Amino acid sequence: MNKKTILSIVGVIIGCNLLIASSFTAIFVSINPSAADYAFGNNSGAANIWNTNPLSVWSNPAKLGYHKNFSFGYSHDPWFDKVFDDMYHISSYMSYGFSGIGVLFPVYSARNRFGTVMSYGERAYTDEEGNIIGTYETYDAVSTFALGVNTVEFLSNIYGGDLFNKILPYGELSFGASYDYIDTFMGSEDVASTSIDPIPETDTGHRLNYGLIGRVSPINTKLKGVDFINLDLVLSYHFINPAKSTIKYRLDSEEGEDELPWGRTDAFSVKLAITSDILKDIVEDDLFYKISKNLFSVYYSEDKSAYGDKEDVLGEGVELTFLDIFSIRRGEYEDHQGEIVGETRGYGFRFHYDDIVEFQYNRSSFPGGGLQTRQSKWDIGFNADLIALYNLVR
């Protein structure tokens, strides 16, 4: 076999076992697809309700309760690109939010799959003499469907009245659930029928996850006497595969089915924003307020994840955002058992107009463990009120 093929085989082994040192299989589902949230400490972002890119729903489906209108998100992670030139992790999703209800659907990404694909590159198969007679690509894939309901906003839209409208600026409670359909392909008996070491096709798996998010805003621009400050506090709980679903990752295995990753993430975040209204007496151009609701904001988050009997994994970070356009992010990731500890960092650009249309680009870098010191990934996002956008451009 050539060098590329050998590396790809090693890549399969690494991809399946590096992230979480445990008995779990299909561990690729534990890779956070959001580059923006990754900058807060890898598997972070569960309490980041302000990131409405559909990719961010991975960390808690209850975040869909905060989504508005149509959104699309796409991310690309070259995955140890300094070592393997044909491995990558791609995610593509869309969401739609209306009246406190949000839904998530997978979009085509790669390998004729929708949602998230972890590609491990090519592998060769041989004849009985060991001669290479062809190649096939190996990959894992997961398609996630999710629903989130923001109870206060939903009831406010259903019943109206002053009660829920008065509560909404100061607090919300959102619930969510997600369903993962897992599909893997490490080869098949048909493809490798003449191979000395054929790899049987793997099975499919299913996983259900649940989430809860609560927001309290003790300081809000709607409070009398305070017209330019927002302070939000958020608690998040994400229950990952509480049913402990399993998958038979290798059909020829005699050891039975293996557990899909299960556990829980508890998260806390706080965001302080100085709104652009502070400049009302100085800047009279309405366009400025349509593209920049906040003059400056600072955001802090802390996520603690516990998978199975593994030691807790900690991710924490800070984000500084200027004029709602440019964000700088820094964080720390601590997974001592997995031997991945280090600084995370990133930046993002966000351009929006009056809640009608928004474009964003995010990039992050993070520790890769002993195999590659630093890794990086990027994502893009698009959000639009399609009716308002049509009326704006027609």
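Observations
- Residues in the stretch 48-67 that are of a type in the set (Phe, Trp, Tyr) and either assigned to a helix (DSSP H, G or I) or under 17 Å from Val149 (Cβ atoms) (or both): Trp58, Tyr66.
- Some residue of the stretch 341-363 being surrounded by fewer than 16 Cβ atoms within 10 Å (Cβ to Cβ), of a type in the set (D, E, K, R) and modelled with pLDDT under 90: yes
- Cross-chain or 6+ apart pairs with Cβ under 7 Å, the stretch 226-247 first and modelled with pLDDT under 95, then in a loop (DSSP other than H, G, I, E, B) and among the charged types (D, E, K, R): Thr246/Glu257; Ile247/Asp203; Ile247/Glu257
This table checks each residue for (1) closer than 20 Å to Asn150 by Cα; (2) of a type outside the set (A, V, I, L, M); (3) surrounded by 24 or more Cβ atoms within 10 Å (Cβ to Cβ).
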| site | (1), (2), (3) |
| --- | --- |
| Asn69 | yes, yes, no |
| Ser75 | no, yes, yes |
| Phe80 | no, yes, no |
| Ser95 | yes, yes, yes |
| Val107 | no, no, no |
| Ala110 | no, no, no |
| Phe114 | no, yes, no |
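- Of all residues in the stretch 130-172, those satisfying the criterion of being modelled with pLDDT under 85 and among the acidic types (Asp, Glu) are Glu137, Asp162.
Residues checked against (1) crowded, with 16+ Cβ neighbours inside 10 Å; (2) within 30 Å of Arg207 (Cβ to Cβ); (3) touching a strand residue (DSSP E or B) at 6+ places or on another chain (Cβ under 7 Å):
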| position | (1), (2), (3) |
| --- | --- |
| Leu260 | yes, yes, yes |
| Ser269 | yes, yes, yes |
| Ile278 | no, no, yes |
| Leu287 | no, no, no |
| Tyr299 | yes, yes, yes |
| Gly308 | no, yes, yes |
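- Within the stretch 262-291, no residue satisfies the criterion of being modelled with pLDDT under 90, assigned to a loop (DSSP other than H, G, I, E, B) and either aromatic (Phe, Trp, Tyr) or touching a helix residue (DSSP H, G or I) at 6+ places or on another chain (Cβ under 7 Å) (or both).
- Of the strands (runs of 3 or more DSSP E) entirely within the stretch 321-374, those holding at least 2 residues that are touching a residue at least 12 places away in the same chain (Cβ under 8 Å) and in contact with a Pro (Cβ under 8 Å, 6 or more places away or on another chain) occupy 340-353.
- Scope the stretch 97-134; condition under 30 Å from Gly160 (Cα atoms) and among the acidic types (Asp, Glu); matching residues: none
The values are calculated or read from the model by the stated rules, or taken from the named source; none is laboratory data. As the structure is a computational prediction, the values presented were derived from the model and not from experiment. So basically every Cβ, Gly included, is an ideal-geometry build from the backbone, and we count neighbours across all protein chains shown.
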